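The values are calculated or read from the model by the stated rules, or taken from the named source; none is laboratory data. On a predicted model such as this, the values are computed, not experimentally measured, just so you know. Here Cβ is always computed from backbone atoms with ideal geometry, including for glycine, and neighbour counts include all displayed protein chains.
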Amino acid sequence: MGRLSKKVTLVLFAGGLLIGMLFWSGLHSAVEVTNSLEFCVSCHELSQVYAEYRQSPHYKNAAGVRAVCADCHVPKPWWPKMKRKMQAANDLYHKVRGSIGTPEKFEARRLQLAERVWQRMRENDSRECRSCHSFDYMDFHKQRRRSAEKMQKVINQQTGETCIDCHKGIAHKLPDDYDEDDD
């Protein structure tokens, strides 16, 4: 290999590395922007859901800890996060199509949308809940007796349940047509 071809190879490698770094940086920045509370609630379709969230303990609580939309709806690990972001393209499709563009249309689809989220949470054992909540750090003495007993059964894997099975409606109101007996 001649001296000139080594320089060309080095320049091409350095250029490729620079382009790759710029692409990765841009992708990372875009993902972070789309994970922000401001981005999530910028759609008027979500104004109702945002109002519900603002009344929840995930928005305001005694500990001063706030979970934003992405904390519950976007996984932390890279590949599950990217998969979820690709699935979110369906949300954009419905925004453009207008199928959830009014409060009435949104309410008509609320149960279907909620069931998708609940199913995803069951499939991943409420991974996003567990990124903040840990059985190891729970003070069961400060919980209601019934809640603490039920939680102990879950910890001991006696029920097969996950967080969402008991905590539907913790951040958003339950759909009007939700029937707990159907679970």
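State whether one or more residues within the stretch 47-62 are assigned by TED's automatic domain parsing to the domain that holds residue 125 and over 30 Å from residue 177 (Cβ atoms). Looking through the stretch 47-62, at least one residue is assigned by TED's automatic domain parsing to the domain that holds residue 125 and over 30 Å from residue 177 (Cβ atoms).
Listed conditions (1) surrounded by 14 or more Cβ atoms within 10 Å (Cβ to Cβ); (2) touching a helix residue (DSSP H, G or I) at 6+ places or on another chain (Cβ under 8 Å); (3) assigned to a helix (DSSP H, G or I) are all met by residue 161, apart from (3). Reported count of residues in the stretch 164-183, each being part of a loop (DSSP other than H, G, I, E, B) and modelled with pLDDT under 85, is 2.
Pairing residues of the stretch 30-52 that are under 21 Å from residue 104 (Cβ atoms) with residues that are among the β-branched types (Val, Ile, Thr), at Cβ distances under 6 Å and at least 6 apart in sequence or on separate chains, gives 45/100; 50/41.
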